[in-house]
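K.L.:
This structure is in structure tokens; I'll ask about it shortly.
None of the figures in this text is laboratory data; all of them are computed from the coordinates on show. Because the structure is predicted, anything quoted here is derived from the model rather than measured. All Cβ positions, even for glycine, are placed from backbone atoms using ideal geometry, and neighbour counts span all protein chains on display.
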Amino acid sequence: MRPLFFVLLCLFAASAFAQQYKWRDADGKVRYGDVPPPGVKAERLKGPSTGYAPAPAPAAAAKKDAAGKTLTPEQAFQKRQEDAAKDRDTQAKADQAAQQKREHCERAQAALRTLESGQRVSRTNAQGERYFLDEAAVAQETEKARQAVQQSCS
């Protein structure tokens with residue numbers, strides 16, 4: 001009984017590794033099988049996987065730097081880390097510059113709103129004394145504030 005079971009097992013295992021084909025029959029349906037009918041154009045399908053992946057080619061795995069020098073995987077990793085750090089620094093500087101521009105714009109808009117509000121505007125001189133601006137000085141300051149808004153907020 002055991003030899004018969006072993007023979008059947010071998011037959012089933014062999015059929016699992018048989019070549020498979022794909023074709024269209026006369027009705028236009030796609031059919032699959034290990035033996036295509038005669039006179040039909042059959043497409044050979046990929047064989048069963050052996051479970052082992054082919055090793056990558058050494059030349060394909062090697063990376064090169066900008067000068068064309070071949071890098072080891074460790075060197076390639078370090079280079080990617082350095083490039084990422086440079087990108088983060090560049091982005092941080094750009095974000096900081098954008099934040100400063102927003103703050104300058106907000107301050108310029110606040111100063112313009114104050115000058116255009118119609119309220120009396122005061123300043124403090126070098127001695128620490130407070131004085132009020134006359135209409136001509138307010139108009140001059142308003143024009144400067146409009147220019148500052150235009151430069152900072154554009």
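K.L.:
Residues with amide H under 5 Å of Val121's amide H, sequence separation 5 or more or different chain, H placed in the peptide plane at 1.01 Å from N; which?
P.N.:
For Val121, whose amide H was placed from the backbone, the distant partners under 5 Å are Leu133.
K.L.:
With Cβ to Cβ distances under 13 Å as the rule, what net charge do the other residues near Tyr32 carry (K, R +1; D, E -1)?
P.N.:
+3
K.L.:
Taking 0.36 nm per intervening residue step and subtracting the Cα-Cα distance, what contour gain separates Arg107 from Leu71 on full extension?
P.N.:
Using 0.36 nm per residue and subtracting the Cα-Cα distance, I get 7.8 nm.
K.L.:
Also: May I ask you to compute the full-extension gain from Gln96 to Lys144, defined as 0.36 nm times their residue separation minus their alpha-carbon distance, rounded to one decimal in nm?
P.N.:
The Gln96-Lys144 span can extend by a further 14.7 nm.
K.L.:
Right, another one. Pulled fully out, how much extra length does the chain show between Ala85 and Asp34, if you take 0.36 nm times their separation in residues and subtract their Cα-Cα distance?
P.N.:
Residue separation times 0.36 nm, minus the Cα-Cα distance, leaves 12.8 nm.
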